[in-house]
Amino acid sequence: MFLALTNPFGPDMLPLLLQVVLLASLVNVSCALVGSFLVLRRMSMMGDALSHAVLPGLVIAFLFSGSLGVVPMFLGAIAAGIATTFLTQALHQYGHVSTDASMGVVFTSFFAVGVVLLKRYASNVHLDVSCVYEGSLLWLAMDTETVAGLEIPRQVAVVLPVLLINLAVMTLLWKEFKLTTFDAALATSMGFSAPVIHYLLMALVAMTAVASFRSVGSILVVAMLIVPPASAQLLVHRLGPLLAVACAIGVFVAAAGATLAIWLNVEPPGMMAVVAGVVYGLTVLFSPTSGLLSRALFHRRTASRILREDLLAMLYRVHEHDADQRLSLHEAIDAVGGGAAARRAFRSLRRQGDLRQTVEGLALTDQGRATASQLVRTHRLWETYLVEELGLALDHVHEPAHRIEHFIDEEIREQLAKSLPQSAEDPHGRDIPE
Amino acid sequence: MFGPSVVWKVMLGAALLGAASGFIGTFAVLRRRALVGDMLAHAALPGICLAFLLVGSRELFSLSLGALATGLLGVVCVAAIARWTRTSQDAAIGIVLSTFFGAGIVLLTVIQSNPTGHQAGIDTYLFGEIASLQSRDLGTIGITALTVLFLVLLGFKELQVLSFDPEFAAAQGWPTFWLDLAVMTMVAVVTTIGLPICGVILMAAMLITPAVAARFWTNRLEHLLAIAALIGALAGAGGCLLAAPQLTATIGLGWLSSSHGVPPGPLIVLAGTALLMVSMFFAPERGLVARAWRERKLRARIAQDHLLRALYELGEKEPEARPWIDQHRLMHHGHWTPSTVPFRLSQADRKGLLEHQSNRVRFTDRGRALAAKLVRTHRLWELYMVEDWRRSPELVDRSADAVEHSLPEEVVERLEALLQSEGRLPATSLGEVPESPHPIEP
């Protein structure tokens, strides 16, 4: 397999690239807007269902109006979308069928009805089913009209109004959407009808799907509805920023997908879905708050900090017990569990100047002793607290104190010291360092 | 769209495939993973394309292996996303479905730009080519179906518990993750076999619809699996039948198969949907009609109970045992609409519980006994509520209203004994109707 490469930024390709990016960005942003709510409401697959189920609506609208005009198309899509939502809900409620199964039954049936109608009555229409699946972004982007000196794809006239409608509805009903998404029961008790908002959202999704799928195809509508919001969900935690990030990802996916597709000579919508998947994969790994790698890194950092602190506190105790005793490097490392992690902890302590290695063995520097004494102070204060305030037995307090000493900061430590009876010794009779 | 000699072979193939997918799809539906089938069917596309690019021919076996590989990769991705990220399972399914499919489309355009690659069209993949079913394919489907059946029977107990109580299965120490994966693998295998024959949407429907339809007929897993397989087979065969013009013409459905030819795929989906609707409305226990009928009968009985009790309470103060009561008094007593009272009265009359005389009614002996029993239950419950639940006597009427229809005789007797032992009922009145703890409206 050999790919013929094309330079997407060459003079003959650049206008096409810009048109594809313009069209796809509009599609992706309107998908991301409604898709965010689908993802937050845990109804992502409703996007899949609706993007299939609108087919009979389209065909019927075509059969009645005899044209593929924008208005009948949207009306057909909205009607089919609402019917799908209603039937899914009815099957779930009256038939006691789980939501995903009822969704699956309804949308496959609708799609089948659409295909039968299409093949039976409208087989000569330019509404090819595989085009519904793949989209024809390149053709639509090439079909341009000059507006104010700029070549604008004609399809923008279909996609832009949908984006504006989505934006307008979200702006006007922002708090209703927000409330019904996160707390439907509260919304209902405050007098906002959650079902009305639900149907409105589904109508918007159906409309967006129809406007988009001639460009990017129905399955890729699903990608644009779900993937950017799902990625944004891993990056931010508030609704407004989530929508903004999802839209930004949508635009990025359009630009990167189109560039790669033209470069490699493949279908742009497919490439955009792949890019979206890659973006999602990267957020899963590298998201600063919830990425797998950043979480792993955080765990590792915490674990090595705990090891370092254990090492310091252990050396402090050895010195306290017998000022002349020096542990060798091996003894010290074995005492905190051994292994590569402990050796790393030792090296980093030595680098920081917390301990030094002499011929007799390991010794804390002044700086190291100061840090260690604070740790031991926390430990012994906590033991005192557990015995005095909670009445735990003496042999039960070491373990919890050993765990918590790494997580109590100076402020809490001094509060602890203040709230305990003034005593220079912990319950085991050892000095509490200042 | 195909001749009669082919029709039977195709019907058999579709029926077998329907049975296999209905059977294994039941587990997917019970585990709330109905849409995983949809995901699998879409995620197979890149695998098919990759296999084609690697092997360079449309050899079915290698394409199926490719489809199975990416399908299972998709399943694993969904499980991993749901397990390790904050993304919910439905979004995970959507992400995998659409991304894999997008990759498939990209690969498809690569194939189509190759000189050798013009044969693999997306239409085949979307709708399948059921008419091109070979005898060899029948063998493949049959062997797959038997293998799936055998494996399910082998682990039936485990799968049963997993389907209905996964927490219990996990508590038993069973490897629920691997069991789930095994089920999903079987779903993937059936999907892969069916995909080139039936197409994406049909496979998604065939995994879900038969199981949903079968659920209306039974509560037992063994029966559920058998019925789902049967419905799948019927849908498969029926859909093919509808697509065959020679046969549809004879049963007056000739308009369905025009010269353009409606592919059998969508018709199989619709046949399945039709069977689902029949099941949903007319299944004996859980069907909507049966449930509406039961509800209606219950409502009628409750209305009759209220009527009998009203008649009893109106005549209670009269000296004779079965006094004549004016219909107008009855109407005021129970807040009924003027039209319902004569209707309910005539129903009770037909059952031999009442006697009519112009505008008046009175109990028959049987009617009076029944009414006395009701009133007794009602008042015993009221007394119990007043004493043991510390409810005000004015407020207990409602609660007793709801309970009097369904309180078993045994409970009534224990209630009576309890009240009597505490001295709240006269010792002689066992089985008699006690006094009402609150005044009865005129």
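Computed from the coordinates by the stated procedures, all read-outs in this text should not be read as laboratory data. The structure presented is a predicted model; accordingly, all values stated were derived computationally and were not measured. With ideal geometry, Cβ positions are generated from the backbone for all residues, glycine too; neighbour counts draw on all protein chains shown.
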Discussion item. For the ranges A:253-260, B:79-86, what's the packing order if you count other beta-carbon atoms within 10 Å of each residue, average per peptide, and put the highest first?
Written reply: A:253-260, B:79-86
Worksheet entry | Segment B:LEU65-B:ARG322, extension gain: residue separation times 0.36 nm, minus the distance between their alpha carbons | 84.2 nm
Discussion item. Roughly how far apart, in whole Å, are the Cα centres of region B:68-95 and region B:157-201?
Written reply: 15 Å
Worksheet item: Once the Cα atoms of region A:14-221 are picked out, what are the Rg and Dmax in Å?
Response: 17.6, 58
Response to the item:
Residue separation between B:HIS438 and B:LEU298 times 0.36 nm, minus their alpha-carbon distance, gives in nm 47.6 nm
Worksheet entry | Net charge over other residues, Cβ less than 14 angstrom from the Cβ of A:VAL113 (K, R count +1; D, E count -1) | +2
Response to the item:
Phi angles of region B:362-375, converted by Karplus (6.51 cos²θ - 1.76 cosθ + 1.60, θ = phi - 60°) into ³J(HN,Hα) in whole Hz with x for Gly and Pro, give 8, 5, 7, 4, 5, x, 5, 4, 4, 5, 4, 4, 4, 5
Item to complete: For region A:77-91, just list the computed ³J(HN,Hα) in residue order, Karplus coefficients 6.51, -1.76 and 1.60, θ = phi - 60°, integers in Hz, with x standing in for Gly and Pro.
Response: 5, 5, 4, 5, x, 5, 4, 4, 4, 5, 5, 4, 5, 5, 4
Discussion item. What is the ratio of the Cα radius of gyration of region B:294-442 to 2.2 N^0.38 Å, with N the residue count, to two decimals?
Written reply: 1.05
Item to complete: Work out the FRET efficiency for A:LEU282 and A:HIS396 from their Cβ-Cβ distance, taking R0 = 30 Å, and round it to the nearest 0.05.
Response: 0.05
Worksheet item: How many angstrom lie between the C-alpha centres of region A:255-277 and region B:216-240?
Response: 43 Å
Response to the item:
Percent relative contact order for chain B, counting Cα pairs under 8 Å at least six residues apart, stands at 18 percent
Discussion item. If N is the number of residues in region A:295-419, what value comes out of its Cα radius of gyration divided by 2.2 N^0.38 Å?
Written reply: 1.10
Worksheet entry | Principal axis dimensions, region A:1-126 - Cα atoms, whole angstrom, descending | 60, 38, 36
Worksheet, complete the sentence: Under 5 Å from the placed amide H of A:ILE432, counting only residues 5+ away or on other chains, we find A:GLU425, A:ASP426
Practice prompt. Using a 10 Å cut-off on Cβ to Cβ distances, tally the other chain neighbours for every residue of B:285-294 and report the average as a whole number.
Written response: 1
Discussion item. With the cut-off at 21 Å, tell me which of the pairs B:LYS317/B:LYS373; B:LYS351/B:LYS373; B:LYS297/B:LYS317 have Cα atoms farther apart than that.
Written reply: B:LYS297/B:LYS317
Worksheet entry | Length gained when the stretch A:VAL359-A:GLN422 is fully extended (0.36 nm per residue, less Cα-Cα span) | 18.6 nm
Practice prompt. Enumerate the amide H contacts of B:GLY155 below 5 Å, restricted to partners 5 or more residues apart or on another chain; note that Pro and chain-start residues carry no placed amide H.
Written response: none
Discussion item. Based only on other Cβ atoms within 10 Å, what is the fewest-to-most ordering of B:VAL386, A:VAL27?
Written reply: B:VAL386, A:VAL27
Item to complete: Take the alpha carbon atoms of region A:400-434, find their center, do the same for region A:102-118, and report the distance between the two centers in whole angstrom.
Response: 69 Å
Fill in: Efficiency of FRET from Cβ geometry, B:PHE164 and A:LEU292, R₀ 35 Å, rounded to 0.05
0.60
Item to complete: Consider all pairwise Cα distances in chain B and report the whole-number % of them above 41 Å.
Response: 45 percent
Fill in: Cross-link partners of A:LYS119 among lysines (Cα-Cα below 25 Å; sequence separation of 8 or more within a chain)
B:LYS9
Fill in: Per-selection metrics, chain A (Cα): Rg and Dmax in Å
32.1, 99
Discussion item. Please compute the average number of Cβ atoms from other chains found within 10 Å of each residue's Cβ in peptide A:265-275.
Written reply: 6
Fill in: Reachable aspartates and glutamates, given that their alpha-carbon falls under 16 Å from the alpha-carbon of A:LYS175 and they are not under 8 places away in the same chain
A:ASP183
Discussion item. Helix-only mean residue ellipticity at 222 nm, chain A, DSSP H runs n ≥ 4 weighted -39,500 (n - 2.57), per residue, nearest 500. What is it?
Written reply: -24500 deg cm²/dmol
Fill in: Integer Hz, Karplus 6.51/-1.76/1.60 couplings in order for region B:192-199, x for Gly and Pro
4, 5, x, 3, x, 8, 10, x
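What is the Cα radius of gyration of the protein assembly as shown over 2.2 N^0.38 Å, N being its residue count?
Here the Cα radius of gyration is 1.27 times the empirical estimate.
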